[in-house]
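For reference, the structure discussed in these notes is given below.
The values are calculated or read from the model by the stated rules, or taken from the named source; none is laboratory data. From a predicted model like this one, the values you see are computed outputs, not experimental measurements. Counting neighbours? That spans all protein chains shown, and the Cβs are built from the backbone with ideal geometry, glycine included.
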Amino acid sequence: MSKVLTKNSVMAQLVALEQFLNRLAEDVEHAQYRRNQLVAQSIDDAADELSSGFKNLAKEKLAKAHLNIKLAWLRANYARQLFDAETVEYELGEGNYLELTEVQDEFLPSAGAHFHFLESELKFMRAEINSRLGKSK
């Protein structure tokens with residue numbers, strides 16, 4: 001069930017979105033590394049949707065303004081996540097970021113042992129919690 005759209009609720013969403021975009025644009029501007037065109041384009045697209053949302057609000061086309069808000073949030077969130085991932089990669093170094101395509105065989109036994117240990121610890125904790133709650137398995 002969706003909420004009823006009012007001018008005030010649409011305005012509040014537009015303002016929150018504008019603040020989010022401003023913070024993102026400021027973070028991107030202060031970044032110490034190369035700019036990503038996809039991030040920049042997504043921010044621009046989100047800003048265009050935001051502008052359209054304000055125009056539709058002024059025309060009292062609340063449903064269209066709400067659609068603009070949804071599209072702008074989608075684009076802004078995509079830009080934020082991509083920017084954050086690039087920031088992590090920059091901070092850790094190009095070769096140290098989580099590469100999902102390359103598996104280094106020398107780390108597999110160690111990683112497997114660590115995960116086995118963690119899994120056994122979780123099972124022990126779950127059993128202890130269940131016993132304290134009076135459940136038995």
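Can you tell me which residue among 16, 12, 25 is under 12 Å from residue 57 (Cα atoms), assigned to a helix (DSSP H, G or I), under 22 Å from the mean Cα position of the chain (by Cα) and in the same structural domain as residue 86 (by TED's automatic domain parsing)?
Result: 12 is the single residue among 16, 12, 25 that is under 12 Å from residue 57 (Cα atoms), assigned to a helix (DSSP H, G or I), under 22 Å from the mean Cα position of the chain (by Cα) and in the same structural domain as residue 86 (by TED's automatic domain parsing).
Out of everything in the range 25-41 that is modelled with pLDDT of 85 or more and among the polar types (S, T, N, Q), what residue ends up being surrounded by the fewest Cβ atoms within 10 Å (Cβ to Cβ)?
Checking each candidate, the answer is 37.
Restricting to the range 29-45, name every residue that is among the hydrophobic types (A, V, I, L, M, F, W, C) and over 15 Å from the mean Cα position of the chain (by Cα).
Answer for the range 29-45, where residues must be among the hydrophobic types (A, V, I, L, M, F, W, C) and over 15 Å from the mean Cα position of the chain (by Cα): 31, 38, 40.
What's the number of the only condition in (1) closer than 13 Å to residue 80 by Cβ; (2) touching a residue at least 12 places away in the same chain (Cβ under 8 Å); (3) not charged (D, E, K, R) that residue 63 fails to meet?
Only one criterion in (1) closer than 13 Å to residue 80 by Cβ; (2) touching a residue at least 12 places away in the same chain (Cβ under 8 Å); (3) not charged (D, E, K, R) is unmet by residue 63, namely (1).
Given the criteria free of Cβ contacts under 8 Å to residues at least 40 places away in the same chain and within 22 Å of residue 3 (Cα to Cα), does residue 91 qualify?
Spelling it out, it is not the case that residue 91 is free of Cβ contacts under 8 Å to residues at least 40 places away in the same chain and within 22 Å of residue 3 (Cα to Cα).
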